[in-house]
Amino acid sequence: QYPWGFLYYRAYPQSIFLPFGRPYGRFLYSILRIDYIDWEGYAYVGLTAFAGTLFFLYILVSKFVQRKYRQITSITYNRQLNILFWASLASLLFSFGVPFILGLERLIDFIGPIRQMRGIARFAWPFFYIMNILTIYWLWNWWKSKDKNLIAASVTTVALFMICTDAYYNVRNKGKSLENIMPALTDQNNEDPDNQWLQRLDLDRYQAIIPLPYFHIGSENIWLDGQCDIINKTFISVKNSGLPTMGSLLSRTSLNQTIENVSAITAPSCKNYYLNRYPTEMPFLLLVARCEKKYPHEKELIRHANWIDSTGVFDIYELHPKAFKIIQDSLFSNVVREYSSVNLHKFRDIYTTYSIRNFQFLTFDSLLNDTSFFGSGCLSGKAKNRTILYTGPVPSDDTTRTYNLTFWMSNIRTDLYPRTMITINETDSLGNKVNTLNFPVSKQIMQVSGNKALIEYEFHLADNSNQLNISAQNRILRNNMIQFDNILLRPVTTDVYISDGSTIWKNNFCYCKTD
């Protein structure tokens, strides 16, 4: 409903009219800041079209001042070109984000399907072509009307020379970049060292490739970045093997399918476990990058898989679908054993590995709600407002000042909900803001249970005596309700356990034995 980037990928007057990227425009870099302009926002029209734009605007202003209102729409004597001029001008203004950037950003909520036109900088392209055509057309007619005199001929020649010059700089060295030769990708016979493993395996035995670290981008709701160049290696392997992948990097991915894939790769839970989500019982290939940027649940997949091959940059494992059940039962058994340990310390119904209560756990059971996650209640609030998840001091016994925040959030399978933003404000004893952290739910999903997800975020405090204010907000959901439950704030060095008999929560992760 609300694709990201509508105003982010927009053009700016300086990215359209100033010669950034041209030798004769190098001096501009020392004068103007352009780091906020995305690469899609650049569509330099060229020096000729820029001069033509100024000239045509001068004509328009002159006609307006002279009150020649009926002639304002006529830039040339060609009706079709006049229509194209005004259409391209409107397109250019839209590429700048007009009218939304004029303090009317809220109008984006009411434009319906037009929101799907993200990357609006591309609307500057018609202006690029039309203004160059219009400028040369006007000069050509001017040259003819002046009996082809020397001044008109000289101006037209200079204009054509600048068009050719800018055209040359547009295409110079583009051939090398377009070739983009990658031996591993163009290797048809899998003879490249990075591809030879494909010859050693019977690929017909496998149903898909699972990349680790895992990535999934494109649903406009979940955004799991690939680390360690895993995206590049995965798609080379997909192309050369013919196998599909559970990783994704494309736009408009099905949200439901996204959640299914993400829930399979993240920490297992009781309500997201079922093997019939896969089309066959054939094993998976794990494509594992050699780096340390893997989550614990990803390391569990590797631990329960069989190493079968490797290349210079990643290892290949075989994972049977039954491993997902084995992993869940194994994790449950381990947590039961830890929970039964006599070394834990009890604080009412909560057990921890530390003898002093150095955590905060909020269940919101007093806020009775028919749609509560666990227990009898949960926290809820209008999405457009800030919902306070926690406010108060942090347990001051932790000397590392590194804390872990986890909480459960509802409607994770519903469009826009995962794009909720969490803000952590840290203030000192005088009320001065020391630090502010922001993170989207979409990047921090660690476990999925039904329509709920566990969100985890690790952060560092400036001082343990400071106060925290943790809030959630999602303006694009407006008056829709967002709900949270079981908020846990703890030092990373402390483990927290809770049980209701059949289910055990360790550090807010839910574990139970499968049937």
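If you filter the range 107-132 down to residues that are open to solvent by 60 Å² or more (accessible area, probe 1.4 Å) and basic (Lys, Arg), you find that the one that is nearest to Ile83 (Cα to Cα) is Arg122. Among the residues of the range 463-503, which ones are hydrophobic (A, V, I, L, M, F, W, C) and modelled with pLDDT under 90? Selection gives Ile476 alone. In the range 94-116, the residues that are over 21 Å from Glu40 (Cβ atoms) and modelled with pLDDT of 85 or more reach residues that are among the aromatic types (Phe, Trp, Tyr) and open to solvent by less than 40 Å² (accessible area, probe 1.4 Å) with C-beta atoms within less than 7 angstrom, at least six apart or across chains, in these pairs: Leu107/Phe100. Of the residues making up the range 345-359, those that are open to solvent by 30 Å² or more (accessible area, probe 1.4 Å) and not polar (S, T, N, Q) are His345, Lys346, Phe347, Arg348, Asp349, Tyr351, Tyr354, Ile356, Arg357.
Taken as a whole, the condition of being within 21 Å of Gly450 (Cα to Cα), open to solvent by 40 Å² or more (accessible area, probe 1.4 Å), over 29 Å from the mean Cα position of the chain (by Cα) and not charged (D, E, K, R) does not apply to Ile308.
So, Val441, is that one of a type in the set (Val, Ile, Thr), surrounded by 20 or more Cβ atoms within 10 Å (Cβ to Cβ) and closer than 30 Å to Glu260 by Cβ or not?
Values: of a type in the set (Val, Ile, Thr): yes; surrounded by 20 or more Cβ atoms within 10 Å (Cβ to Cβ): yes; closer than 30 Å to Glu260 by Cβ: yes.
Taking the combined requirement at face value, the residue satisfies it.
Scan the range 309-349 for residues that are free of Cβ contacts under 8 Å to residues at least 60 places away in the same chain, within 26 Å of Gln360 (Cβ to Cβ) and of a type in the set (Phe, Trp, Tyr) and the total you get is 1. Please go through the range 224-236 and pick out each residue that is without any contact (Cβ under 8 Å) to a residue 60 or more places away in the chain and open to solvent by 30 Å² or more (accessible area, probe 1.4 Å). The answer is Ile231, Asn232, Phe235.
Taking the numbered list (1) open to solvent by 70 Å² or more (accessible area, probe 1.4 Å); (2) closer than 17 Å to Asn507 by Cβ; (3) touching a Pro at 6+ places or on another chain (Cβ under 6 Å) in turn, Gln328 passes all entries but (1). Among the residues of the range 194-223, those that are open to solvent by less than 10 Å² (accessible area, probe 1.4 Å), more than 18 Å from Ala184 (Cα to Cα) and β-branched (Val, Ile, Thr) comprise Ile210, Ile222. Look at (1) open to solvent by 90 Å² or more (accessible area, probe 1.4 Å); (2) more than 19 Å from Ala159 (Cβ to Cβ) and you find that Leu104 fails only one, number (1).
Please go through the range 407-435 and pick out each residue that is in a loop (DSSP other than H, G, I, E, B), crowded, with 18+ Cβ neighbours inside 10 Å, on the phi < 0 side of the Ramachandran plot and within 15 Å of the chain's Cα centre (by Cα).
At the first step, the residues of the range 407-435 found to be in a loop (DSSP other than H, G, I, E, B) are 410-416, 420, 428-432.
Among the residues that remain, those that are also crowded, with 18+ Cβ neighbours inside 10 Å are: 410-413, 416, 420.
Those still in the list that are on the phi < 0 side of the Ramachandran plot too: 410, 412-413, 420.
Of everything in the range 407-435, just one residue is in a loop (DSSP other than H, G, I, E, B), crowded, with 18+ Cβ neighbours inside 10 Å, on the phi < 0 side of the Ramachandran plot and within 15 Å of the chain's Cα centre (by Cα), namely Thr420.
Does Ser380 qualify as being touching a strand residue (DSSP E or B) at 6+ places or on another chain (Cβ under 6 Å), touching a residue at least 12 places away in the same chain (Cβ under 8 Å), open to solvent by 10 Å² or more (accessible area, probe 1.4 Å) and among the small types (Gly, Ala, Ser)? Answer is yes for this residue. Does Phe27 satisfy being out of contact with any helix residue (DSSP H, G or I) (no Cβ under 8 Å at 6 or more places or on another chain), closer than 24 Å to Ile476 by Cα and free of Cβ contacts under 8 Å to residues at least 40 places away in the same chain? Against the criterion (out of contact with any helix residue (DSSP H, G or I) (no Cβ under 8 Å at 6 or more places or on another chain), closer than 24 Å to Ile476 by Cα and free of Cβ contacts under 8 Å to residues at least 40 places away in the same chain), Phe27 does not qualify.
Filter the range 58-83 down to the residues that are within 16 Å of Tyr137 (Cα to Cα) and open to solvent by 80 Å² or more (accessible area, probe 1.4 Å) and list them by number.
Our first condition is that a residue be within 16 Å of Tyr137 (Cα to Cα); within the range 58-83, this holds for 59, 74-83.
Tyr77, Arg79, Gln80, Ile83, listed by residue number.
Scanning the range 488-510 for residues that are charged (D, E, K, R) and more than 15 Å from Asn404 (Cα to Cα) returns a single hit, Asp500. Restricting attention to the range 133-151, the residues that are buried (at least 18 other Cβ atoms within 10 Å of the Cβ) and not polar (S, T, N, Q) add up to 4. If Arg79 satisfies every condition in (1) farther than 23 Å from Val171 by Cα; (2) of a type in the set (Lys, Arg); (3) in contact (Cβ under 8 Å) with a residue 40 or more places away in the chain but one, which is the exception? With respect to (1) farther than 23 Å from Val171 by Cα; (2) of a type in the set (Lys, Arg); (3) in contact (Cβ under 8 Å) with a residue 40 or more places away in the chain, Arg79 is out only on (3).
The values are calculated or read from the model by the stated rules, or taken from the named source; none is laboratory data. Worth saying up front: this structure is predicted, and the values here are computed from it rather than measured. For neighbour counting, all protein chains shown are included, and Cβ atoms are generated from backbone atoms with ideal geometry for every residue, glycine included. All accessible areas refer to the heavy atoms of the entire protein, side chains included, with ligands and DNA or RNA removed. Shrake-Rupley method; radii C 1.70, N 1.55, O 1.52, S 1.80 Å.
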